[in-house]
Amino acid sequence: MSFFVECALRVSAILSITFLLTFALRRQSATLRHIVWTAAFGICALTPLLFPWGPKAAKPWPSILSTQTSFVTIAAESEASPRAETAQRPPQAIPVAPALFILWAAGALGVSIRIVRAALWTRTLRHTTMPLDGAAVAASAHFPPTALEGVQIAESDAVAVAVTMGIRAPIIVLPSHYKTWSASRLRSVLRHELAHVHRRDCLIQWLPHVMCILHWFNPLIWLARSQMLCEGERACDDAVLRGGATGVEFARDLLEIAQIAGLKGANPMLTTVVTKIERRVTRLLDPSTNRASLSRAGMLAAAACAVAVLLPIAGVRAQNAASNTAGAQTGTLSGVVSDPTGAVIVGARVQIAGPTGSWTVASNPAGAWSASVPAGSYRIDVLAPGFTSRPTTVNVEPGAAIGLKNRMEIGQLAESIVVTASGTPHAASAVAAAPPQRIRVGGNIQAAKLINKTPPVYPESLRQQGVEGTVLIQAIVGKSGNVMSAQAVGSQRAGAGGAPTVEQSSEFSDAALNAVRTWQYEPTLLNGEPVEVLTTIAISFQLR
């Protein structure tokens, strides 16, 4: 939704600047203004591809329109306080984006149906017209025989005014009553329609039609479309007058044709002589109007100038305009929290620690989070019940937008047992290492459960010597629940007189491993599927 809003704002800015440009060029020819409008609509169509370029500007719309809305709360330094825990609960997201998308799609569909119906009507008209002899029509209009080469002339009862259609094979359709026209009127009408053919107006006019489908809700797009069509008609009127017709004579012809047509507007897909007839007549009667044409080089130069003015607007990059109390510039951190299968994790806590304090961000229902932070270096820790991840350090530059992929790993399990035997220790027992606490699981994680445990056997030789010790074992609980890859990673022990020996350590490790390798767990489930998980087991051998 944020992307769509940015496109709409850029298009509005481009059209607004184009209105100002064409107003400044009001004393120039209609052909020049039509080129400016054509360039403007072309840039509007390319706007989504031009986001990486252009100057930066503050984002003027609320962040609630974003599809990746995040809920950012500044937590107190002590996370144990009830206030901090309450602040970290994400509020309910307002489903604005889906509703707006449905509304936009409905409007776009309605405009598309209208344009498609017009296109189908045009196709039907083309196949139902009666072809005419171009040479005979040219002779009737006192035209040179070669004036209508490459253009098909036809007549039809379905039209009240002359229309031009077709791109590769243009055709001029005259109303059936054209035979009652005078030679001067027929010549003026043909010259007007030939100007549309030479200017490729049937092709160019697809640009505003497509933009009206995408931006139907924007009144500027409809005003701009109307202005572009009017400038095209005025340019063709100027071609008629440059061909020798007088403004008074052609204005009279336009009024009579419009009266026959019932003063109806043009079909959306056709070029007609009936477009804002009052303004056209007034312009035809104004002797000070600039009716100059442009050469091909002049058209290219005008289009290049218009593109140079409007292109930077299409590339404006919107960004958050937040700043801290000292007025420092800010950047944006964002990411998506997911588990090892790629499924998103909802409600994960993302702790962001930086030069100005700490932030706690909760991932939204799409697993996404974001935060606007002052420029500086930040440490990011992601916490989710049943999962673990490594901290990330990033450097945020002013205006930068940094996206992260927070892939979580399954948390580690732990077991702790004590093996006792009768006897008196000959030395002070070493303090056993505190076993890690079993992680809290929740969400889509279901922890493994030990269902079959064979107790280790106290080595007889070590019992007689009064030796005690603790063995730490790391193992992998497989998908079937059996213990895999068990190995001793450390031990704490005390021999007679407090001097440990390698042999004693090996005996404790062997006894512990022999037992652990026979243990059986219920598998750990991630999103309903069994997965392998690392477990740490602390086995203490004690005498009593």
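The values are calculated or read from the model by the stated rules, or taken from the named source; none is laboratory data. As the structure is a prediction and not an experimental result, all values here were calculated from the model. With ideal geometry, Cβ positions are generated from the backbone for all residues, glycine too; neighbour counts draw on all protein chains shown. Surface accessibility is based on the protein's heavy atoms, side chains included, excluding ligands, DNA and RNA. Shrake-Rupley method; radii C 1.70, N 1.55, O 1.52, S 1.80 Å.
Yes or no: Leu220 in contact with a Leu (Cβ under 8 Å, 6 or more places away or on another chain), of a type outside the set (Gly, Ala, Ser) and open to solvent by less than 40 Å² (accessible area, probe 1.4 Å)?
Details: in contact with a Leu (Cβ under 8 Å, 6 or more places away or on another chain): yes; of a type outside the set (Gly, Ala, Ser): yes; open to solvent by less than 40 Å² (accessible area, probe 1.4 Å): no.
Judged against the criteria, Leu220 is not a match.
Filter the range 171-204 down to residues that are polar (S, T, N, Q) and in contact with a helix residue (DSSP H, G or I) (Cβ under 7 Å, 6 or more places away or on another chain) and give me whichever is surrounded by the fewest Cβ atoms within 10 Å (Cβ to Cβ).
Step one: of the range 171-204, the residues polar (S, T, N, Q) are 176, 180, 182, 184, 188.
This time we only want the ones that are in contact with a helix residue (DSSP H, G or I) (Cβ under 7 Å, 6 or more places away or on another chain), so: 184, 188.
On the way: Ser184: 16, Ser188: 26.
Going through the qualifying residues, I end up with Ser184.
Can you tell me how many residues within the range 366-375 are open to solvent by less than 50 Å² (accessible area, probe 1.4 Å), out of contact with any Leu (no Cβ under 9 Å at 6 or more places or on another chain) and either aliphatic (A, V, I, L, M) or at pLDDT 85 or above (or both)?
3
Considering only residues that are in a strand (DSSP E or B) and of a type in the set (Ser, Thr, Tyr), look in the range 376-409 and name the one that is most open to solvent (accessible area, probe 1.4 Å). Give the derivation first.
Of the range 376-409, the ones in a strand (DSSP E or B) are 376-383, 387-388, 392-396, 401-407, 409.
Right, trim to of a type in the set (Ser, Thr, Tyr) and you get 377-378, 388, 392-393.
On the way: Ser377: 66, Tyr378: 2, Thr388: 67, Thr392: 51, Thr393: 102 Å².
It comes out as Thr393.
Each row is one residue, and each column tells you yes or no for (1) modelled with pLDDT of 65 or more; (2) within 22 Å of Ala40 (Cβ to Cβ); (3) buried (at least 18 other Cβ atoms within 10 Å of the Cβ); (4) charged (D, E, K, R).
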position: Cys230; (1), (2), (3), (4): yes, yes, yes, no
position: Val240; (1), (2), (3), (4): yes, no, yes, no
position: Gly243; (1), (2), (3), (4): yes, no, no, no
position: Ala251; (1), (2), (3), (4): yes, no, yes, no
position: Gln259; (1), (2), (3), (4): yes, no, no, no
position: Lys264; (1), (2), (3), (4): no, no, no, yes
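Mind checking which pairs have a first residue in the range 140-154 that is open to solvent by less than 30 Å² (accessible area, probe 1.4 Å) and a second that is basic (Lys, Arg), Cβ under 8 Å, 6 or more apart or different chains?
Pairs found: Ala141/Arg187; Phe143/Arg187.
Can you name the number of the only condition in (1) surrounded by fewer than 18 Cβ atoms within 10 Å (Cβ to Cβ); (2) in contact with a His (Cβ under 9 Å, 6 or more places away or on another chain) that Met130 fails?
(2)
Can you tell me which of (1) out of contact with any Pro (no Cβ under 8 Å at 6 or more places or on another chain); (2) part of a helix (DSSP H, G or I) is the one Ile167 doesn't meet?
(2)
Every residue, every condition in (1) open to solvent by 80 Å² or more (accessible area, probe 1.4 Å); (2) at pLDDT 75 or above, yes or no:
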{"position": "Ser12", "(1), (2)": "no, yes"}
{"position": "Thr22", "(1), (2)": "no, yes"}
{"position": "Arg33", "(1), (2)": "no, yes"}
{"position": "Gly42", "(1), (2)": "no, yes"}
{"position": "Leu65", "(1), (2)": "no, no"}
{"position": "Glu77", "(1), (2)": "yes, no"}
{"position": "Pro82", "(1), (2)": "yes, no"}
{"position": "Trp104", "(1), (2)": "no, yes"}
{"position": "Gly110", "(1), (2)": "no, yes"}
